[in-house]
C-alpha cells in the first residue's frame, strides 16, 4: 500500500471490492479530499489513444488522465451508487478533485459515482458491490423468498381444498347400507321368518288358564 502522510484525512484499507480509501478524520461536506492525477493522454496521438486500463479519467474528447500511477491515491476510491463524495472536473485546467458531498465520519469508506459509461463497461457485468446495491439485492432476495413462500402456501391450500372436494364427491356417490340389529334386518322380514318357523313345527301359542281348571272340566 502507498505511504500516506499522517496529516491527510484518509488511509488505504481493505474494502468489500478489494482496496478502498477510508476516512481517518471527520471530513466536512464540500471539503476537498484528494486530487485525481496522472499523465495526460492526448487522443490525437496514436500512442496515447492505444492505452487501455480501468483508471482512465476522461476530461474532454481529447484529454484523458491516466490515473493508473501508484502515487494517485484517488484511484483507490471505489464506486458507489449513493456516494458520499463526487468528482469535481475542471476541463480547462485539466484537473480533477474529489470533494465530499456529505459529512464523512472516521472509518467511513470514501466513494463517488464513476458515471454511466464506466458503470456499463466495468461494473455492471460483474454486479455493483456498493452498500446501496448490496442492500437492494438483499431486499430483493427477501422479497423473492417471501413470494415463494406465499405461492407454496397458496398451492397447498388449493390442493387441500381440491382433496376435500373430491372426498365429499366420493361420499355422495357411495350407497348407504340398511341398519342392522343383532345381525338381522329391521324391516319386518326377521319377524315373518320367526313366525313361519313356529307354524311349521306345530307349536301354538295360547293363553294359560288357572291351575286345575282343565281337570275339573274333564271330570
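Things to note:
- Exclusive hit being out of contact with any helix residue (DSSP H, G or I) (no Cβ under 6 Å at 6 or more places or on another chain) and farther than 23 Å from residue 61 by Cα, set 106, 91: 106
- Positions within segment 32-67 being closer than 22 Å to residue 112 by Cα and in contact with a helix residue (DSSP H, G or I) (Cβ under 7 Å, 6 or more places away or on another chain), in sequence order: 34, 35, 36, 54, 55, 67
- With respect to the conditions (1) surrounded by 10 or more Cβ atoms within 10 Å (Cβ to Cβ); (2) at pLDDT below 80; (3) out of contact with any helix residue (DSSP H, G or I) (no Cβ under 7 Å at 6 or more places or on another chain), residue 184 falls short on a single one, namely (3).
- Meets criteria (in contact with a strand residue (DSSP E or B) (Cβ under 8 Å, 6 or more places away or on another chain), touching a residue at least 24 places away in the same chain (Cβ under 8 Å) and surrounded by fewer than 12 Cβ atoms within 10 Å (Cβ to Cβ)) for residue 67: no
The values are calculated or read from the model by the stated rules, or taken from the named source; none is laboratory data. All figures in this text were calculated on a predicted structure; none of them were measured in a lab. Cβ atoms come from the backbone with ideal geometry, glycine included; neighbour counts cover every protein chain shown.
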